[in-house]
Structures are given as C-alpha cells and as structure tokens.
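**Q** Next up is a structure, given as structure tokens.
FYI, it's all coordinate maths here, none of it is from the lab. No experiment lies behind these values; they were computed from the predicted model shown. All Cβ positions, even for glycine, are placed from backbone atoms using ideal geometry, and neighbour counts span all protein chains on display.
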Amino acid sequence: MDKTLSLHEDRFFPSDPTQRAIAQRLYAEVRALPIVSPHGHTDPQWFADNKPFTDPATLLVIPDHYVYRMLYSQGVTLEMLGVPRTDGGPVEKDPRSIWKLFARHWHLFRGTPTQMWFHHVLHEVFGVREKLTQESADGIYDRIAECLARPEFFPRALFERFNIEVLSTTESPLDPLLHHVKLHASGWKGRVVPTYRPDPVVDPEFAGFAGNVLRLGEITGEDTTMWSGYLRGLADRRRFFASQGATATDHGHASAVTCDLSRSRCEDLLTRALSGKITPVEAQEFRGQMLTEMARMSLEDGLVMQIHPGAFRNHNPAVFRTFGLDKGCDIPTRTDYVHNLKPLLDRFGNDRRLTVILFTLDESTYSRELAPLAGHYPALKLGPAWWFYDSPEGMRFYRERVTETAGFYNTVGFNDDTRAFPSIPARHDVARRVDCAFLARLVAEHRLDEDEAREVALDLAYRLAKQAYRL
Ligand SMILES: [Zn+2]
C-alpha cells in the first residue's frame, strides 16, 4: 500500500470534467479568503495565555468527541483514550500511548470527515508526508511534538497563520470572561469574541439550575428569584458579553419549542423551577418562553440569536455517569419547527432588526420546514449543515434541499463549530470546496452564469457569515 500522505488538489470536486473545471476556477477565487468563524468551542485561554499546546494526543485526540465516539463503537474504552472520569478514577495518562492506540485504529475513520480533516491537519499544519499507521505513529508523534514546542505553533501564531479574521467562542452568562478581558488588554490584534449561551440559567433541567440562577443574581445585583429581576439579570449579562465583543447568543435546547405565556404563568414557572418542583412539560414551556424572551432582548441589544435544537443529549447513561457531558453519545432526533417556532414568530418573525439563525440535526426538515420558513420570515436565516452533517455529503444535501426555496442569501455561510483548533482551516476548506462543487453544477447546467456563481462563492465563503453575525 502507498504510504505517502497527499492531499489531492481536486478533492471534493465533481468527477465530471466540465463541472470540475468550473469548480476549480471558482475555488481559486475563495481558497485564500480569511476565515470567519462565527460559532465554535475553542478555549479563549489558549489565545489569552499563548502557551504552547502540550502534546499531540491532548491537542488532537482527547478533546475530540468525533474521534472517540467512533473508537468507542469499536471497543476502545474512553479510559484507554485518556478521557478524564468525573470521579477522578484511573485513565491512561501517557499521551504517546494514547496516540499509538488512535493510530492503530485509524482505518475506522475511512470515508468520514474526521479522516479528511485529520489528513489536512497532518499535511498542511504539521507538514507530515506519511500516512498514519501503527508503524508511523511514533515518528509522526515526535514530529508534531517538536512543532508544538516552537513559537510558530503557539496558539496566536497558528491563529495568524490560519488567516482567521474573527473567532467566536461560547460561554455561560455566569462566565466572567476573564480570558477575553485579558486578550483585549494584551494588545494582540487577533479578534476572539465570546458568545452568550444561557442554557445553564434558562433550562430548569440543566444540572445546578437553581444555584446558577442565584449566582446570576449575585453577579448582577438583581433579585433573580423574581421574574422581572431574573430577566434584568439575563439582560445585564448580555450587555457585558456585548461589551467584550459578543455579537450572538446560542441556544442548545432539546427542541425548537417556543412559548408566549402570560406574565403570571412565567412568574409561577420560575418559582417552580427554582424550587425543583417543575414537571418535564413545564420545564419545556419555560425553555420555550425563554427563547421568546431572548428574541425580545435581541431586538434591544442587537445580538444575533442561534437556535441549535434536536440533540438527544447523553443518550448513553453509563458513559454520562462516568464521563459527563459531550462524550460522543448525543444522538440526533426528529425536530418540528413549523409548529414549535410559531409563538416566537408571531411576536417577532416580521421584524427585520432581528436575526434568528436556525440549525438542525433533522435533515428531513430542510426542504419541508426550514427552507420555506427562512424563505419567508424576514427574521429567520438558516445555519449551515451542522455536526453530523458537517461533511461533504451533508453539505451537498443541504444545498440541494434548501437553495431552491430559500436561495443562498437566507443562509449564513459556514460555521466550524469545533473544539479542535488545528482543524479549523480544514473544515472551512471542505465547505468552500463543496459549495464550489455545487455551484459548478448549476453553471454547467446553465442555471447560473459563472460570474454570478463566483460572487455567490465569495458570499458563502466569507461575506454572508460576517453579515449575518454582524461581525
Ligand atoms: Zn456549538
């Protein structure tokens, strides 16, 4: 077998020669554009402190739930991969053996976006020219480790080399944003901005909800046990986030349920939520009300709202008990938007000052619900193919199902939504290539002129994200 690692320059392009040539021309226009990353989960401390990343496994394997969900499905335990247990119990500590274990199972990722992203990271970021195998694992580990110790691989240098114009992180309203404050004071010109994600204080079923709401009160000086003080506290933190550069909020609710309840019902639900006496149905009502409240606040402070519903979180209770949240056992579930969003849209859907960006883990809703909604309501836009569908097939399917009803301009460009910092250029590159491939087909079929396609390619790769997220 060929042991050379190479990236084909026409990867993800159509194999049809006419389309391929068009895709090549379009891609040449967008490949070097700066990266706008308006939603993601990198750690702002990396950029605030600018300390070297410690080792290849801690950077590339241990934090990546795409990686260990696949390995787990094939019998590799999370302990063997060094994923920390919530009880502090024993797990593998040696990064080199974690890396070698990963390399031994690398074939499992064939045909997945993880393989495509990883190849890009190895080849482009670390200059590796050899495929990852059991035999090459040690050598590649050494090469990456040597790179990481050099200043040009420190977080800020990589940020600059990746040509990132702006990078958004994601934080709870209780977060003091110390790393962002430090970053802004440091004089470094890289732009890293927080995103306001209030799930811990607006979801009665979030672990520690009542304590979180009390903490919100302490931070803001409001009586958050009362409905009006609670809302003022949330608005106060939104203003603080905006003062640190935030332009968006994010909401990871299980469903897209929104509500528009009477004030007395809201007061009653908050009291029940804080006393822990709320039923699951009422908790859903409360979350739904909070989406509508957040939309109302967005009209006041201009923050763009993102709704990321449809994940059945922690589907595997055994893994959740031992390892906690975000360990690769969240599973997509069916999601309704048409009925569930109606209360929020009845209030605010026609207001052009508001931008609500919708995401889905239910691909069946693209052409049936999401594109018709976003193709009508001025306040709605569609986020890109997300999470399990952040993949060549997922993106292609998204464009195919959405474009004819919502057009390109009710979509918002690409989000990498990642914790895996070195993979950010890889992810944006895949999105740019797949969009160019889609556009190339429209041009080849004489449904779009090539000069129009070129403009759309630039918009999808760069301008729409900046515009939609007000960055
Ligand atoms: Zn996210």
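**Q** Name the single residue, out of those in segment 274-287 being without any contact (Cβ under 8 Å) to a residue 40 or more places away in the chain and among the polar types (S, T, N, Q), that is farthest from Pro384 (Cα to Cα).
**A** The residue in question is Thr279.
**Q** Hey, another quick one. Out of curiosity, is Phe388 under 29 Å from Val67 (Cβ atoms), buried (at least 22 other Cβ atoms within 10 Å of the Cβ), of a type outside the set (D, E, K, R) and touching a residue at least 40 places away in the same chain (Cβ under 8 Å)?
**A** Details: under 29 Å from Val67 (Cβ atoms): yes; buried (at least 22 other Cβ atoms within 10 Å of the Cβ): no; of a type outside the set (D, E, K, R): yes; touching a residue at least 40 places away in the same chain (Cβ under 8 Å): yes.
Spelling it out, it is not the case that Phe388 is under 29 Å from Val67 (Cβ atoms), buried (at least 22 other Cβ atoms within 10 Å of the Cβ), of a type outside the set (D, E, K, R) and touching a residue at least 40 places away in the same chain (Cβ under 8 Å).
**Q** Looking at Asp175 and the list (1) outside any loop (DSSP other than H, G, I, E, B); (2) acidic (Asp, Glu); (3) within 20 Å of the chain's Cα centre (by Cα), which single condition is not satisfied?
**A** Every listed condition holds for Asp175 apart from (1).
**Q** Under the condition of being without any contact (Cβ under 8 Å) to a residue 60 or more places away in the chain and in contact with a strand residue (DSSP E or B) (Cβ under 7 Å, 6 or more places away or on another chain), which residue from segment 288-310 is nearest to Cys266 (Cα to Cα)? Working first, answer last.
**A** Taking segment 288-310 first, the residues without any contact (Cβ under 8 Å) to a residue 60 or more places away in the chain are 288-289, 291-292, 296, 298-299, 305, 307, 309-310.
From what is left, the residues that are in contact with a strand residue (DSSP E or B) (Cβ under 7 Å, 6 or more places away or on another chain) are 291, 298, 305, 307, 310.
Numbers: Leu291: 13, Ser298: 19, Met305: 21, Ile307: 21, Gly310: 24 Å.
My answer is Leu291.
**Q** Let me ask something else about it. Please identify the pairs in which a residue from segment 407-418 that is under 17 Å from Pro372 (Cβ atoms) and away from the ligand (no atom under 16 Å from the Cβ) has its Cβ atom under 9 Å from the Cβ atom of a residue that is part of a loop (DSSP other than H, G, I, E, B) and among the hydroxyl-bearing types (Ser, Thr, Tyr), counting only partners at least 6 apart or on another chain.
**A** Close Cβ pairs (under 9 Å, with a partner that is part of a loop (DSSP other than H, G, I, E, B) and among the hydroxyl-bearing types (Ser, Thr, Tyr)) do not exist here.
**Q** Could you tell me which of the residues Thr360, Thr365, Thr405 is polar (S, T, N, Q) and surrounded by fewer than 20 Cβ atoms within 10 Å (Cβ to Cβ)? So that I can check it myself, show each step before the final result.
**A** Details: Thr360 fails: surrounded by fewer than 20 Cβ atoms within 10 Å (Cβ to Cβ); Thr365 fails: surrounded by fewer than 20 Cβ atoms within 10 Å (Cβ to Cβ).
Residue meeting the stated conditions: Thr405.
**Q** Could you list, in sequence order, all residues of segment 283-336 that are over 21 Å from the mean Cα position of the chain (by Cα), of a type in the set (D, E, K, R) and more than 27 Å from Thr411 (Cα to Cα)?
**A** Glu285, Arg321
**Q** Another one. Filter the helices (runs of 4 or more DSSP H) completely within segment 6-121 down to those with at least 2 residues that are under 30 Å from Arg454 (Cα atoms) and touching a Lys or Arg at 6+ places or on another chain (Cβ under 9 Å).
**A** So the answer is 17-30, 113-120.
**Q** Within segment 178-198, take every residue that is outside any loop (DSSP other than H, G, I, E, B) and within 16 Å of the ligand (Cβ to nearest atom) and give me the one that is nearest to Trp46 (Cα to Cα). Explain how you work it out, then say what you get.
**A** Filtering segment 178-198 down to residues outside any loop (DSSP other than H, G, I, E, B) leaves 178-186, 192-193, 196.
Then drop every residue that is not within 16 Å of the ligand (Cβ to nearest atom), which leaves 192-193, 196.
Numbers: Val192: 11, Val193: 13, Tyr196: 19 Å.
Looking at the filtered set, the residue picked out is Val192.
**Q** Would you point out which residue out of Arg239, Arg272 is of a type outside the set (Val, Ile, Thr) and under 30 Å from Gly40 (Cβ atoms)?
**A** Working: Arg272 fails: under 30 Å from Gly40 (Cβ atoms).
Within the list Arg239, Arg272, the selection yields Arg239.
**Q** Continuing with the same structure: Look at Ala210 and say whether it is more than 16 Å from the ligand (Cβ to nearest atom), under 30 Å from Asn163 (Cα atoms) and assigned to a helix (DSSP H, G or I).
**A** Numbers: more than 16 Å from the ligand (Cβ to nearest atom): yes; under 30 Å from Asn163 (Cα atoms): no; assigned to a helix (DSSP H, G or I): yes.
So Ala210 does not fit the description; no.
**Q** Here are some conditions: (1) aromatic (Phe, Trp, Tyr); (2) within 16 Å of the ligand (Cβ to nearest atom); (3) more than 19 Å from the chain's Cα centre (by Cα). Tyr66 meets all but one. Which one does it not meet?
**A** (3)
**Q** Looking at the structure I just gave you, is Ala32 away from the ligand (no atom under 16 Å from the Cβ), under 26 Å from Glu160 (Cβ atoms) and over 25 Å from the mean Cα position of the chain (by Cα)?
**A** Details: away from the ligand (no atom under 16 Å from the Cβ): yes; under 26 Å from Glu160 (Cβ atoms): yes; over 25 Å from the mean Cα position of the chain (by Cα): no.
For Ala32, the condition - away from the ligand (no atom under 16 Å from the Cβ), under 26 Å from Glu160 (Cβ atoms) and over 25 Å from the mean Cα position of the chain (by Cα) - is not met.
**Q** To continue, here is another question. Scan segment 164-193 and report the pairs whose first residue is within 11 Å of Phe241 (Cα to Cα) and whose second residue is in a helix (DSSP H, G or I) and away from the ligand (no atom under 16 Å from the Cβ), with Cβ atoms within less than 6 Å and a gap of 6+ or a chain change.
**A** As it stands, the answer is Pro173/Val201; Pro173/Arg237; Leu174/Arg215, since those pairs meet every condition given.
**Q** Quick one: how many residues across segment 35-63 are within 16 Å of the ligand (Cβ to nearest atom) and either within 21 Å of Pro151 (Cβ to Cβ) or in contact with a helix residue (DSSP H, G or I) (Cβ under 8 Å, 6 or more places away or on another chain) (or both)? Show your work before the answer.
**A** Applying the first criterion (within 16 Å of the ligand (Cβ to nearest atom)) to segment 35-63 yields 36-44, 63.
Restricting the remaining residues to those that are either within 21 Å of Pro151 (Cβ to Cβ) or in contact with a helix residue (DSSP H, G or I) (Cβ under 8 Å, 6 or more places away or on another chain) (or both) gives 36-38, 40, 42-44.
Adding up the residues that qualify gives 7.
**Q** Can you confirm whether Val201 is surrounded by 14 or more Cβ atoms within 10 Å (Cβ to Cβ), touching a residue at least 60 places away in the same chain (Cβ under 8 Å), in a helix (DSSP H, G or I) and of a type in the set (A, V, I, L, M)? Spell out how you get there, then give the answer.
**A** On the way: surrounded by 14 or more Cβ atoms within 10 Å (Cβ to Cβ): yes; touching a residue at least 60 places away in the same chain (Cβ under 8 Å): no; in a helix (DSSP H, G or I): yes; of a type in the set (A, V, I, L, M): yes.
Taking the combined requirement at face value, the residue does not satisfy it.
**Q** A further question on this structure: Can you tell me which residues in segment 290-312 are within 15 Å of Asp203 (Cβ to Cβ) and of a type in the set (A, V, I, L, M)?
**A** If the condition is that a residue be within 15 Å of Asp203 (Cβ to Cβ) and of a type in the set (A, V, I, L, M), then Met290, Leu291, Met294, Ile307, Ala311 are the ones that fit.
**Q** What do you reckon, is Ser275 within 22 Å of the chain's Cα centre (by Cα), away from the ligand (no atom under 16 Å from the Cβ) and polar (S, T, N, Q)?
**A** Numbers: within 22 Å of the chain's Cα centre (by Cα): no; away from the ligand (no atom under 16 Å from the Cβ): yes; polar (S, T, N, Q): yes.
It is false that Ser275 is within 22 Å of the chain's Cα centre (by Cα), away from the ligand (no atom under 16 Å from the Cβ) and polar (S, T, N, Q).
**Q** Name the residue, out of Arg104, Arg110, Arg85, Arg96, that is within 22 Å of Pro52 (Cβ to Cβ) and of a type in the set (Lys, Arg).
**A** Numbers: Arg104 fails: within 22 Å of Pro52 (Cβ to Cβ); Arg110 fails: within 22 Å of Pro52 (Cβ to Cβ); Arg85 fails: within 22 Å of Pro52 (Cβ to Cβ).
Being within 22 Å of Pro52 (Cβ to Cβ) and of a type in the set (Lys, Arg) holds for just one of Arg104, Arg110, Arg85, Arg96, which is Arg96.
**Q** Could you figure out which of (1) in a loop (DSSP other than H, G, I, E, B); (2) over 16 Å from the mean Cα position of the chain (by Cα); (3) surrounded by 22 or more Cβ atoms within 10 Å (Cβ to Cβ) isn't true of Arg352?
**A** Arg352 satisfies every listed condition except (3).
**Q** If you take the residues of segment 267-304 that are of a type in the set (Val, Ile, Thr) and over 14 Å from Phe348 (Cα atoms), which of them is surrounded by the most Cβ atoms within 10 Å (Cβ to Cβ)?
**A** First, pick out the residues of segment 267-304 that are of a type in the set (Val, Ile, Thr): 271, 278-279, 281, 292, 304.
Those still in the list that are over 14 Å from Phe348 (Cα atoms) too: 271, 278-279, 281.
Working: Thr271: 14, Ile278: 21, Thr279: 10, Val281: 8.
Among residues in segment 267-304 that are of a type in the set (Val, Ile, Thr) and over 14 Å from Phe348 (Cα atoms), the one surrounded by the most Cβ atoms within 10 Å (Cβ to Cβ) is Ile278.
**Q** To continue, here is another question. Under the condition of being among the aromatic types (Phe, Trp, Tyr) and in contact with a Pro (Cβ under 9 Å, 6 or more places away or on another chain), which residue from segment 213-264 is farthest from the ligand (Cβ to nearest atom)?
**A** First, pick out the residues of segment 213-264 that are among the aromatic types (Phe, Trp, Tyr): 227, 230, 240-241.
Now restrict to residues that are in contact with a Pro (Cβ under 9 Å, 6 or more places away or on another chain): 240-241.
Numbers: Phe240: 21, Phe241: 16 Å.
Ranking the candidates gives Phe240 first.
**Q** Among all residue pairs at least 6 apart or on different chains, which show Cβ distances below 6 Å where the first residue, located in segment 36-61, is under 17 Å from Val121 (Cβ atoms) and the second is part of a helix (DSSP H, G or I) and within 16 Å of the ligand (Cβ to nearest atom)?
**A** Here the result reads Thr42/Phe421, each pair linking segment 36-61 to a residue that is part of a helix (DSSP H, G or I) and within 16 Å of the ligand (Cβ to nearest atom).
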